[in-house]
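The values are calculated or read from the model by the stated rules, or taken from the named source; none is laboratory data. Note that this is a predicted model, so its numbers are computed, not measured. Cβ coordinates were reconstructed from backbone atoms using ideal geometry, including for glycine residues, and neighbour counts include every protein chain displayed.
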Amino acid sequence: MPGINRTEAFYCSDSPSLLWELTICESLANGDSGYARALNQPAPYGELLGRFLRQHTSLPAAPERIVEVGGGYGSLMAGLLTVLAPRQVTMVDISAFLLARQRQRLGEDGNIAYVCADIFAYLEDLDEPVDLLIANEIIADLPTITGLTREQLAPLLPRAREFPPLEPLAADPGAEQLLAEAARLVATYDLEIDDQPEPFNLNVGGLQLVEKLAAREIKRVFISEHGADTELPYPFSLLLKNYQRWDKNPKRIQLKDHDEYTIRFDHLAAVASRCGYTVDSCHMMEMLDVRFDDEINYLLTTEKPTDEAQEILLEFLEHVAEYQVMVLSRD
Ligand SMILES: C[S@@+](CC[C@H](N)C(=O)[O-])C[C@H]1O[C@@H](n2cnc3c(N)ncnc32)[C@H](O)[C@@H]1O
């Protein structure tokens, strides 16, 4: 029978640590770290993201309002604010502990509001337009339905478009509710499920999030996460073959005191485009402009670092190979 993976209890505990997961954002919190050596133009992650969004979207240099959900230690926003000058920033996080870290990092500037809330509760009350909402390595933390089969879903699909949506914050949905919600999402957005092995998993929280974002006045959304259907750019596709994802099934990632699931980005894209967003995706390596030269070629071909600096470089390349980014926009 289907089950559900949740992480709220971990993030709402006294001091959830992110060090175990070493997010890409934290690896590149400083532009001069050993990890940043992998980039053609080393810089802090938030700065790179700001430049990427300016180049690839119509985001103005001085937007009215930016919201970051799940800002961790605040490093992304610190970097972003070196290249963008928003009039208002809102940091939303379910963890009071991490929100306090963000406040420490970003300070008490009157333009920055700190909101301790679940993203779904925050969106419920949001009535102002937002130029950019950032969800960097958070949607793998949102609920994933596990253990689904096509046989269970098949009888529900013909009527499933009319099913009422499951409340994202519903405390403890039973197996029947989970099946009904999975069927509603699959039927409403024509999600491809025949290409997955069984039993399979569905990123229900990520899909519901896109639906809820589309129902608000949010012009652009940036999402990055571990992909379940990530395709590496050439020539990394040849050299990091083990990191190509083919089966598309959201995969469990075991972390300290909680599990996350990789994200099937083509499902998110299907919901977003049906809800009126233009969808652009690329691999994280492309967004960060990871360099490819003799040193990297040697490292990826031999997997034999000659010193500690190369060990760090190889670790970063293997890590970043798993990430996809997606930008949703509409006028
Ligand atoms: C894996 S960390 C990523 C932190 C940071 N964005 C980074 O890339 O380093 C996930 C973040 O999302 C927050 N978070 C998890 N679930 C959330 C939810 N339902 N609503 C709001 N924030 C959430 C966590 O407290 C944490 O700050």
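Say we look at the range 311-331 and pick out the residues that are assigned to a loop (DSSP other than H, G, I, E, B) and among the charged types (D, E, K, R); which of these is surrounded by the most Cβ atoms within 10 Å (Cβ to Cβ)?
The selected residue is Glu322.
Mind listing whichever residues of the range 18-44 are within 18 Å of the chain's Cα centre (by Cα) and in contact (Cβ under 8 Å) with a residue 60 or more places away in the chain?
Leu18, Trp20, Glu21, Leu22, Thr23, Ile24, Cys25, Ser27, Leu28
Report yes if Leu22 is surrounded by fewer than 16 Cβ atoms within 10 Å (Cβ to Cβ) and either within 12 Å of the ligand (Cβ to nearest atom) or among the aromatic types (Phe, Trp, Tyr) (or both), otherwise no.
So Leu22 fits the description; yes.
Being within 10 Å of the ligand (Cβ to nearest atom) and over 18 Å from the mean Cα position of the chain (by Cα), is that true of even one residue in the range 66-82?
no
One line per residue, one yes/no per condition, for (1) more than 20 Å from Leu28 (Cβ to Cβ); (2) within 9 Å of the ligand (Cβ to nearest atom); (3) at pLDDT below 95:
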residue: Pro86; (1), (2), (3): yes, no, no
residue: Arg105; (1), (2), (3): no, no, no
residue: Glu108; (1), (2), (3): yes, no, yes
residue: Ile119; (1), (2), (3): yes, yes, no
residue: Glu124; (1), (2), (3): yes, no, no
residue: Glu128; (1), (2), (3): yes, no, no
residue: Leu133; (1), (2), (3): yes, no, no
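Could we say that Phe200 is within 16 Å of the ligand (Cβ to nearest atom) and either free of Cβ contacts under 8 Å to residues at least 12 places away in the same chain or under 21 Å from the mean Cα position of the chain (by Cα) (or both) here?
no
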